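Quick notes on the structure that follows.
The values are calculated or read from the model by the stated rules, or taken from the named source; none is laboratory data. Note that the structure is a prediction, hence the values are computed from the model and not measured. Backbone-built Cβ (ideal geometry, glycine too); neighbour counts: all protein chains shown. Each accessible area value is taken on the protein alone, full model and side chains, heavy atoms only, with ligands, DNA and RNA left out. Shrake-Rupley method; radii C 1.70, N 1.55, O 1.52, S 1.80 Å.
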Amino acid sequence: MTDFWMAETTSDRRVIANTTTKLRTLTQQSLQSTWHLASSSLSVEAVMRQQIWQQWAIAPPNAKGHIPWSRGRAPLWLCQQITVPENLNGFPVAGLSLQLGLTWWAEAAAVYVDGQLVQEGDLFDYFARLELSDRVAPGDTFTVAIYLVSPGHDDGALVRSDLFYESRDAALPEPGFVADELTVLQTFAEKLAPAKLAEIAAAIAPLNWSTVSDQAACLQELAALRMRLHPLSAWIKQRQITCTGHAHLDLAWLWPVTDTWRAAERTFRSVLALQQDFPELTYTHSSPALFDWLETHRPELFQAVLGAVEQGAWSMDAGLWVEPELQTLGGESLARQILYGQRYARSRFGQVSTIAWLPDSFGFSWQLPQLLQLG
């Protein structure tokens, strides 16, 4: 009986996984194999206006699917023209919005769409999602150029580049969104209640794939699938995952301290700008040392941060002065990290931190629990 149950569970997993894969191909498309590449620090005017990028060779992705280039702050241009098709694997995309998703590993990055700068980032801002159009039509074109500079200590890479066609009607989400929902359900069920995999697979079974060529009919078919899955809603909502934004900043790493201040300023300005577009975004940061610098050298930006804290948009998980090394320091040094961090948090933000945010440590001293409890 056990072997039979395991076989059934494996079959259900396969049904769900195959369905999510197929759904994603209807509204999502990788761009990794179509970038033109030049190892050059040419100006954006030369690249975009003279269209010289069309003569460049196509960049070959490596075995991981990345487009790598050498370390040492080496420059790289990647360019291509995106043309909206009639359909993706039979699913019509007209009227959907179009998002460009990018993941890079670079010391500096700049993204241009049709010659206009739309995004800048660095090592700590390496996930970008950019709207190319809020409503596409077949034949629409977008010329995308990415200028990257590799880290001094490590090879650079364009890790991922994908297009996402998305529904503008929240009640009728596109196939890729439904695929994500199925992935979440499958992950929860596998870890917490494997027997529910059969319910998910049974809800998928009636899905009519013949509607793919008719966008409206297909979206209605997916809406019907979501209704069949709705009885699982109460079960999955017994648990809640809350996400918060964070940017980890090494105060002393492979760069001068002046670069630390510049990175902090860029990061905090970027967060405040994002919160204008996404007011539900909550951000957290951990180092009073950076806020102290901000207060002294960028007082207007510091006041904006204070305003975000008062509104509840910034969480002050700033219980230690910096994120210190936690194995080689003595107890006195760790105690002072907590003392100075909490003293600053109370005096500037009106509260001490209840959280010690230490995500980048390579080990923890056995003294830490008692020090944190006392702090």
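So LEU274 passes all but one of these: (1) assigned to a helix (DSSP H, G or I); (2) open to solvent by 60 Å² or more (accessible area, probe 1.4 Å); (3) at pLDDT 90 or above. Which condition number does it fail?
Here LEU274 meets the rest and fails (3).
Which of (1) assigned to a strand (DSSP E or B); (2) at pLDDT 90 or above does LEU294 not meet, given it meets every other one?
(1) is the only condition that LEU294 fails.
I'd like to verify a number: residues in region 55-65 that are open to solvent by 50 Å² or more (accessible area, probe 1.4 Å) and not in a strand (DSSP E or B), how many? Spell out how you get there, then give the answer.
First, the residues of region 55-65 that are open to solvent by 50 Å² or more (accessible area, probe 1.4 Å): 55, 57-58, 60-64.
Checking which are not in a strand (DSSP E or B) leaves us with 55, 57, 60-64.
Qualifying residue count, region 55-65: 7.
Anything in region 321-336 that is surrounded by 19 or more Cβ atoms within 10 Å (Cβ to Cβ) and part of a helix (DSSP H, G or I)? List them, or say none.
Residue satisfying the conditions is LEU334 alone.
Return the residue satisfying two criteria in turn: it lies in region 289-299 and is open to solvent by 40 Å² or more (accessible area, probe 1.4 Å) and either of a type in the set (A, V, I, L, M, F, W, C) or touching a residue at least 40 places away in the same chain (Cβ under 8 Å) (or both), and of such residues it is nearest to LEU339 (Cα to Cα).
ASP292
Do we find a residue being closer than 26 Å to LEU42 by Cβ, open to solvent by 70 Å² or more (accessible area, probe 1.4 Å) and assigned to a strand (DSSP E or B) anywhere in region 89-101?
Taking region 89-101 first, the residues closer than 26 Å to LEU42 by Cβ are 100-101.
Right, trim to open to solvent by 70 Å² or more (accessible area, probe 1.4 Å) and you get none.
Within region 89-101, none of the residues are closer than 26 Å to LEU42 by Cβ, open to solvent by 70 Å² or more (accessible area, probe 1.4 Å) and assigned to a strand (DSSP E or B).
Report, by residue number, each residue of region 160-211 that is in contact with a strand residue (DSSP E or B) (Cβ under 9 Å, 6 or more places away or on another chain) and in a helix (DSSP H, G or I).
Taking region 160-211 as the starting set, the residues that turn out to be in contact with a strand residue (DSSP E or B) (Cβ under 9 Å, 6 or more places away or on another chain) are 160-168, 173-177, 179.
PRO175, GLY176, PHE177, ALA179, listed by residue number.
Could you give every pair whose Cβ atoms fall below 6 Å, whose first residue belongs to region 223-252 and is open to solvent by 70 Å² or more (accessible area, probe 1.4 Å), and whose second residue is modelled with pLDDT of 90 or more and not aliphatic (A, V, I, L, M), counting only separations of at least 6 or pairs across chains?
Filtered contacts from region 223-252: THR244/THR282; THR244/THR284.
For region 217-236, indicate whether the set of residues that are of a type outside the set (Asp, Glu) and assigned to a loop (DSSP other than H, G, I, E, B) is non-empty. Break it down stepwise before answering.
Start the filter on region 217-236 by keeping residues that are of a type outside the set (Asp, Glu), which leaves 217-220, 222-236.
Right, trim to assigned to a loop (DSSP other than H, G, I, E, B) and you get none.
There is no residue in region 217-236 that is of a type outside the set (Asp, Glu) and assigned to a loop (DSSP other than H, G, I, E, B).
Results for (1) more than 25 Å from VAL212 (Cβ to Cβ); (2) assigned to a strand (DSSP E or B); (3) open to solvent by 20 Å² or more (accessible area, probe 1.4 Å), shown as yes or no for each residue.
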{"site": "ILE82", "(1), (2), (3)": "no, yes, no"}
{"site": "LEU117", "(1), (2), (3)": "yes, yes, yes"}
{"site": "ASP154", "(1), (2), (3)": "yes, no, yes"}
{"site": "LEU158", "(1), (2), (3)": "yes, yes, no"}
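For region 119-149, enumerate the residues that are open to solvent by less than 20 Å² (accessible area, probe 1.4 Å), part of a loop (DSSP other than H, G, I, E, B) and modelled with pLDDT of 95 or more.
Answer for region 119-149, where residues must be open to solvent by less than 20 Å² (accessible area, probe 1.4 Å), part of a loop (DSSP other than H, G, I, E, B) and modelled with pLDDT of 95 or more: just VAL136.
Is there any pair linking a residue in region 17-36 that is charged (D, E, K, R) to one that is modelled with pLDDT of 95 or more, with Cβ under 9 Å and at least six apart or on different chains, and which?
Note: pairs meeting the criteria are LYS22/ASN89; LYS22/PRO175; LYS22/ALA179; LYS22/TRP209; ARG24/PRO175; ARG24/GLY176; ARG24/ALA179; ARG24/ASP180.
Can you pull out the residues in region 300-320 that are closer than 18 Å to SER347 by Cβ, surrounded by fewer than 18 Cβ atoms within 10 Å (Cβ to Cβ) and charged (D, E, K, R)?
Of everything in region 300-320, just one residue is closer than 18 Å to SER347 by Cβ, surrounded by fewer than 18 Cβ atoms within 10 Å (Cβ to Cβ) and charged (D, E, K, R), namely GLU310.
Here is a check on your reading of the model: is ARG262 open to solvent by 60 Å² or more (accessible area, probe 1.4 Å), within 28 Å of PHE349 (Cα to Cα) and not aliphatic (A, V, I, L, M)?
Here the answer is yes, as ARG262 does meet what is asked.
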